[in-house]
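Below is one structure, written out as structure tokens, with a few remarks after it.
The values are calculated or read from the model by the stated rules, or taken from the named source; none is laboratory data. Keep in mind that this is a model prediction, so the values were computed, not measured. Virtual Cβ from ideal backbone geometry, glycine too; neighbours counted across all protein chains shown. Heads up: the accessible areas ignore ligands, DNA and RNA and are worked out on the full protein's heavy atoms, side chains in. Shrake-Rupley method; radii C 1.70, N 1.55, O 1.52, S 1.80 Å.
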Amino acid sequence: MDTSKGKGDLGVQNLSGTGDKLVHCQDLESMLPKAVKRRVHALKRLQVQCANIEAKFYEEVHELERKYSTLYQPLFDKRRDIVTGTVEPTDEECEWQSDGDEDEELAEEVKEKATIEEAKKEETMPQEDPKGIPEFWLTIFKSVDMLSDMLQEHDEPILKHLRDIQVKFSEPGQPMSFTLEFHFEQNGYFNNAVLTKVYKMKSEPDASDPFSFEGPEIIDCEGCQIDWHKGKDVTVKTIKKKQKHKGRGTVRTVTKQVPNDSFFNFFNPVKASPDEEEDDSEFTLATLATDFEIGHFFRERIVPRAVLYFTGEALEDDESFEEEDMEEGDEEEQDEEGDEDDDGDFDPKA
């Protein structure tokens, strides 16, 4: 069984695109002979049992993820220490043979010239020895489209203080969830050392639609309160507005705070309400779906492969997958168009 099934699609259920198929299935079933329909119902009961077993399977997968996260963590801690400059890796730890190593491709005389030029540059330029890997996480945020779309210019100075991002899984026996922890060094923007976002999950078929089950599903998320320093809250902005008194006709200027676009709104997610109007409810569900996708992306891609997103190598992999998907889609579209052409231009004498 594919252990990745469902994990890549964590989020709210699809709200569209299934109606026509459902009607078609119902029509087909209604046309079956009574005896055959009876047997189909028996198969559906078996299918529900399969879905329940599959749900238990994913619960155990979650436990395995939690178990192995403790093995990954020492490596991630070492990564954090190198990024922040807390430790300096040894020469042995820094050895890395790049597949595209330019030194191996250059002729000896060209390499010698390059060495001389580099020596001249070092003589004229002041020696720099930055601590750790500056702006490691900020570079990742700016490189990944999903994150850069959330990033505002006023967020960047704050994210320069981001030391690490960690994923914590729920303890055994607790409801299925994972927590994203954003660890910050002391800064002039807020007092929190860690900002958290909890994603609550479930792995059980919906009683009203058990056949829609495709694996664990994020059902809710909770942010945290950011203890901003006075005047440093980038999630709001102050605007001035003139008000005219109806009776006296005098004008006064008032100031008020309104919401402001910022990555840090990520820690104050929207909440679905049963009292919302239909349009507002659909917007909220779409916003939550995007939020769930981002949380899953942090958990599955950004945190485990941070250095590859920093260098851009992971971005190339992501683009390759997207191109493959597009090519497959194009082929299907062309096939459909080809079928239509064949029907319209078929010449039996050919």
Can you tell me which residue within region 59-101, out of those that are of a type in the set (Gly, Ala, Ser) and touching a residue at least 24 places away in the same chain (Cβ under 8 Å), is farthest from Val167 (Cα to Cα)?
Gly85
Within region 221-237, the count of residues that are of a type in the set (Asp, Glu) and in contact with a Pro (Cβ under 9 Å, 6 or more places away or on another chain) comes to 1
Exactly one of these conditions fails for Arg305: (1) farther than 22 Å from Glu135 by Cβ; (2) among the charged types (D, E, K, R); (3) modelled with pLDDT of 95 or more. Give me its number.
(1)
Go through region 220-264 residue by residue and tally those that are free of Cβ contacts under 8 Å to residues at least 24 places away in the same chain and assigned to a strand (DSSP E or B).
17
So Lys242 clears everything in (1) open to solvent by less than 70 Å² (accessible area, probe 1.4 Å); (2) more than 21 Å from Glu293 (Cα to Cα); (3) more than 20 Å from the chain's Cα centre (by Cα); (4) not polar (S, T, N, Q) except one condition, right? Which one?
(1)
Residue tally, condition surrounded by 10 or more Cβ atoms within 10 Å (Cβ to Cβ) and at pLDDT 80 or above, over region 23-38
5
